[in-house]
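Novice: Encoded as structure tokens, here's the structure I'll be asking about.
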Amino acid sequence: MKLLSHLPEKLKHGLVIFAVLVVWLSACGIASANSPKVTSLSPTGGQRGTEVDIKLSGARLDDTKELVFASSGIEMVKLNSVTTNSVKATIRIAKDCPLGEHLLRVRTDSGLSELRTFRVGIYTNVPEAEPNSELAKPQKIALNSTVTGTITSEDIDYFQVDAKKGERLSIEIEAMRLGRGAFDPYIALMDLRGNVVVASDDSILALQDGYISLVPEKDASYLVQVRETSYGGSSEYHYRLHVGNFPRPSVVFPMGGKAGESLSLKFINPDKSEFSQTVKLPAKPEEKFGLFPEQSGQIAPSPNWVRVSTFDNVLESGSNQDAEHATKTDLQPPLALNGILSKKGESDWFRFPGKKGQALEVAVYARRLRSPVDSVVEICDKQGKVLASNDDSVGADSVAKFTPGADGEYLVHIKDHLGHGGPEYVYRVEITPVQPAITLSIPQVARYESQLRQYIVVPRGNRFATMISAKRKDLTGDLKVKFDGLPAGVVMDADTMDGKVDAMPVVFEATPEAALGGKWIEPTAAPTDPKTSAKSSYNHVLELVQGGPNNTAYYSAMLDKLYVAVIDEAPFKLKIVEPKVPLVQYGTMDLKIVAERKPGFDDPINVKMMWTPPGVGALPDVTIPKGQNSVEYKLNAKQDAQPRRWKIAVLGTATIKGGPLWVSSQLASLEVGEPFVVGKFDPVTAEPGQSVKWVCKLDQKQPFNGKATARLMGLPDLVKASEAQISKDDKEVTFNLTVDSKASPGSHRNLFCSVEIQKDSEVIPQNVGTGGVLRIVPPKKGKETKLASGAK
């Protein structure tokens, strides 16, 4: 206080109050809750069984509390340093941590970051050491190493490795699959003079990433070249280059098996050689299971993909290239047919028993499991007559449905669309009874943005809303959505999802005492009809790498769960003032949105309707202006708006600390109703200077009390019409039109009558008699002369 001793007493008193207010507002968390952003993570991976120091760069990271991993095997040991733009942490990778891709995000007290990828391998990480851009100056590396590097513009990296005769040498690069940028890599194995022995660009198994696997015929030193395929580069073009004696098969046969059983597998290498391995499959079914091939104690750095199902395999006989020699099974569906189109132009046939009236789905799994087969499938009767067929259904994979007309044998015929074939053309055909299924997801809130608001962040004592989408397969009807296992103090409110819609808003609310933190949950849905069952799953597709043309997704990751977090308080809350009256078909409504602001926060709040019921329209968004506490959001209902009581919510956004903070309203009721009255106008014609009566014929649909005010809307300039009053008993309403003498001739369409009906002290606006036509025509020639002659 000595610093203030020279100031006047009133000024000192004011400054003290201001300082206390600043401290109090900071304690209220007014500028705290908003989403962090992570733009980069290094290194891009680590070795199983080690601790790794990582750095995450971005924005709004200063209140970071933990790194959240979506899968088991990795945990954060400690935070080493935290600033606004970076976080340094130590993570521990368990010795039995699953190999391959892991997803993580930063959790702060203010929100959640995007998901980023981190790869786990079996080899020691070796950083790229410059200079290594010249053929004569390669970086020497040991076998069974993982090099972590970056390709900048026009950069080429060279590495030297020693190989032995008869021992497999494999090279695999992870670049596009790191999800950092549109890095399309090229790798080549060269002799020391720079002659290319073998090169790899794109591949079916590794997408834009390539791999090489061969057995040298002599002891030799080789060079490995890494570059961008068109000599481009960027600071975001990171890579992990695996070099060693590991197996790197292109495909595996069969491409799936029964859950919980041991499966004998044949792996096929790029050089057409083969090796076998027996693997214990997971106890539960998996749509796509990553299987890491192992040979001579070495493990491949990335997986081959198989299906884990609940039913048995049928393996092709090897001579099933026509219907007569079709591989036969007595197994009833569900079952899986497995084979290889081993030669060009080859097609395979299978024979299985079908039951009359049992709807079946015949689904090919090839390209989805990274096989080169572009399938065409046919289902035939035992004489070979085609009953159903399909080419592309899920990408290049075929899916056909058919229902046997009688008990008996049926044929499945599969081939490649272009007649291609070879040892790697492996396929799997699953024949299953049609089973209803529901896939839940959060729809993208912005085009080409697959991570924005793909999580739940609920401020203490406040609400957060999201849309939840349900894709129904072989199913109709209403659904009930569940979010079990929410963090303590968080509750969810959701309507029943109407059978006619595929998305709806869901609101989450946290108590003021809810602990900061979060957890993963698995949302589910089920039909409300107890007689109907359906398989339910949650699916978030992360489009990590996009590029031309049209922002094509070149690499995506999949996540089957949702993270829910409680964050710091927000400086405002939102509430929908629930209307007492319905929004009627042909009608409009001004929905009032109220903001409850904390002291010191008066910034604008952008408000967006999360969703509108079928047939209901609204503006994209509205804004509660700076310093104000409410706004009206105009809604309108079309003729086909579905009458019923719906649930709606709005999401509000304010900029806090340079980033967005989202808060939602409660889940409010909105009743959509039928109109009280409808009407019809017959076309009317008038001349400039005339007055005419225009009648709208009314059809009363619902009774209402008192009088309603009717106005004629959409009139052209210089035309006026009187207001009118109607009651529930009126069959028509008449408007007196006055056409000014200077009114321009022409045809004016889409005039309508607006009616305001009073109910429960509120106004229900609705439109009546839409599509009215007023024709203003010039006076007929000679009219005045005829009138004068008649007067004589």
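Novice: Using a 1.4 angstrom probe and counting only protein chains, how large is the accessible area of Arg180 in Å², to 10?
Specialist: Only protein atoms counted, so the area is about 40 Å².
Novice: Any idea of Met713's accessible area? Nearest 10 Å², probe 1.4 Å.
Specialist: 70
Novice: Lys pairs in segment 264-358, Cα-Cα under 26 Å, at least 8 apart or on separate chains: how many?
Specialist: 15
Novice: Kindly state, to the nearest 0.05, the FRET efficiency for Lys272 paired with Ser57, given R0 = 41 Å and r defined as their beta-carbon distance.
Specialist: 0.35
Novice: Here is a further query. Under the Karplus relation 6.51 cos²θ - 1.76 cosθ + 1.60, θ = phi - 60°, what is the ordered set of whole-Hz ³J(HN,Hα) values for segment 360-372, x standing for Gly and Pro?
Specialist: 10, 10, 10, 10, 8, 10, 9, 4, 5, 9, 6, 9, x
Novice: Can you give the local net charge around Leu387? Use residues other than it whose beta-carbon is closer than 12 angstrom to its beta-carbon, Lys and Arg +1, Asp and Glu -1.
Specialist: In short, +1.
Novice: Multiplying the sequence separation of Asn629 and Asp699 by 0.36 nm and subtracting their Cα-Cα distance, what value in nm do you get?
Specialist: Length gained, Asn629 through Asp699: 21.1 nm.
Novice: At most 11 other Cβ atoms within 10 Å and a DSSP loop assignment: could you name the trypsin sites (Lys or Arg not before Pro) in segment 368-440 that fit?
Specialist: In loop regions of segment 368-440 (DSSP not H, G, I, E or B), the sparsely surrounded trypsin sites (Lys or Arg not before Pro) are Lys385.
Novice: Between Val394 and residues 5 or more places away or on another chain, which pairs have amide H atoms under 5 Å apart, with H built 1.01 Å from N, and which residues are they?
Specialist: So Val394 has HN proximity to Val399.
Novice: Going Cα to Cα from Lys626, which aspartates and glutamates come in below 18 Å? Please leave out same-chain ones fewer than 8 positions away.
Specialist: Glu596, Asp602, Asp603
Novice: Have a look at His325, Val362, Ile268 and report the one farthest towards the positive end of the charge dipole of the chain, computed about the Cα centre with Cβ charges (Lys/Arg +1, Asp/Glu -1).
Specialist: Of the candidates, Val362 comes out farthest on the positive side.
Novice: Right, next: If I model a spin label as a point 7 Å beyond the Cα along the Cα-Cβ vector, how far apart are those points for Ser389 and Lys592 in nm?
Specialist: My value for the distance between the label points is 6.6 nm.
Novice: Okay, moving on. Quick one: net charge of Ala565's neighbours, Cβ under 13 Å, K/R +1, D/E -1?
Specialist: Spelling it out: positives minus negatives among the neighbours equals +2.
Novice: With angles folded into 0 to 90 degrees, how steeply does helix 9-27 sit against the dominant principal axis of the chain? Use alpha carbons for both and round to 10.
Specialist: Orientation of helix 9-27: about 60 degrees from the principal axis.
Novice: Which trypsin sites (Lys or Arg not before Pro) does segment 205-269 hold that lie in a coil by DSSP with at most 14 other beta carbons within 10 Å?
Specialist: Answer by residue number: Lys218.
Novice: Just to confirm a number: summing +1 for Lys and Arg and -1 for Asp and Glu over residues other than Pro301 whose beta-carbon lies under 10 angstrom from that of Pro301, what do you get?
Specialist: In short, +1.
Novice: Based solely on its DSSP helices, what 222 nm [θ] is calculated for the chain when runs of n ≥ 4 H residues each add -39,500 (n - 2.57) and the sum is averaged over all residues, nearest 500 deg cm²/dmol?
Specialist: After summing the helix terms and dividing by the residues of the chain, the value is -1000 deg cm²/dmol.
Novice: Cα centroid distance between segment 525-545 and segment 131-150, in Å?
Specialist: Rounded to whole Å, the Cα centres lie 47 Å apart.
Novice: Output wanted: per-residue J couplings in Hz (rounded whole) for segment 532-548, from phi through Karplus 6.51 cos²θ - 1.76 cosθ + 1.60, θ = phi - 60°, x for Gly and Pro.
Specialist: Values, residue by residue: 10, 10, 8, 6, 10, 8, 10, 9, 10, 9, 9, 7, 6, 10, 10, x, x Hz.
Novice: Can you compute the FRET efficiency between Ser669 and Val773 using 1/(1 + (r/R0)^6), with r the Cβ-Cβ distance and R0 = 35 Å? Round to the nearest 0.05. Before the final figure, lay out each step's value.
Specialist: Details: r = 38 Å, r/R0 = 1.10.
For Ser669 and Val773, the calculated efficiency is 0.35.
Novice: Shifting gears a bit: Could you work out what % of the accessible surface of the chain is carbon and sulfur, using a 1.4 angstrom probe and leaving DNA, RNA and ligands out of the count? Don't skip to the answer; put the middle values down first.
Specialist: Details: 17930 of 36070 Å².
Answer for the chain is 50 percent, counting heavy atoms of protein chains only.
Novice: Also: Taking 7 Å along the Cα-to-C-beta vector as the label spot, tell me the Asp322-Thr124 distance in nanometres, rounded to one decimal.
Specialist: 6.1
Novice: Here is a follow-up. Would you kindly state how much longer the chain becomes between Thr685 and Gln758 on full extension, computed as 0.36 nm times their sequence separation minus their alpha carbon distance, in nm to one decimal? Provide the component values of the computation, followed by the final result.
Specialist: Numbers: separation 73, 0.36 × 73 = 26.28 nm, distance 3.29 nm.
Stretched fully, the Thr685-Gln758 segment lengthens by 23.0 nm.
Novice: What does the charge dipole of segment 567-612 about its Cα centre add up to, to the nearest 20 debye, if the Cβ of each Lys and Arg holds +1 and the Cβ of each Asp and Glu holds -1?
Specialist: Magnitude of the dipole: close to 180 debye.
Novice: Counting other C-beta atoms within 10 Å, and keeping those with at most 13, which DSSP coil GluC sites (Glu not before Pro) do you find in segment 439-524? List each step's numbers first, then the result.
Specialist: On the way: sites: Glu449, Glu509, Glu513; in loops: Glu513.
Listed in order of number, the matching sites are Glu513.
Novice: Moving on to the next point. Among the lysines, which have Cα under 26 Å from the Cα of Lys780 when same-chain residues fewer than 8 positions away are ignored?
Specialist: The qualifying lysines are Lys693, Lys720, Lys742, Lys792.
Novice: Which whole-angstrom value gives the distance between the alpha carbon centres of segment 190-242 and segment 702-732?
Specialist: Using only Cα atoms, the two centres lie 78 Å from each other.
Novice: Can you list, bin by bin at 20 Å, the percent of alpha carbon pairs in the chain, starting at 0?
Specialist: Using 20 Å bins, I get a P(r) of 13, 33, 30, 17, 6, 1, 0 for the chain.
Novice: Further question on the same structure: On a full-extension model of 0.36 nm per residue, what is the gain between Glu449 and Asn551, subtracting their alpha-carbon distance, rounded to one decimal in nm?
Specialist: Values: separation 102, 0.36 × 102 = 36.72 nm, distance 1.02 nm.
Contour length minus Cα-Cα distance gives 35.7 nm.
Novice: Using a Cα-Cα cut-off of under 20 Å, which lysines could be cross-linked to Lys482, ignoring same-chain neighbours fewer than 8 residues away?
Specialist: Lys471, Lys473, Lys500, Lys519, Lys531, Lys535, Lys561, Lys647
Novice: Starting from the Cα coordinates of segment 522-572, work out the convex hull volume and express it per residue in Å³.
Specialist: Values: hull volume 10.7 nm³, N = 51.
Per-residue hull volume (Cα only) is 209 Å³.
The values are calculated or read from the model by the stated rules, or taken from the named source; none is laboratory data. None of these values were measured; they are calculated from a predicted model. Because the Cβ atoms are built from the backbone with ideal geometry, glycine has one as well, and the counts that use them run over all protein chains shown. For the accessible areas, the whole protein counts, side chains as well, though only heavy atoms, and no ligand, DNA or RNA atoms are used. Shrake-Rupley method; radii C 1.70, N 1.55, O 1.52, S 1.80 Å.
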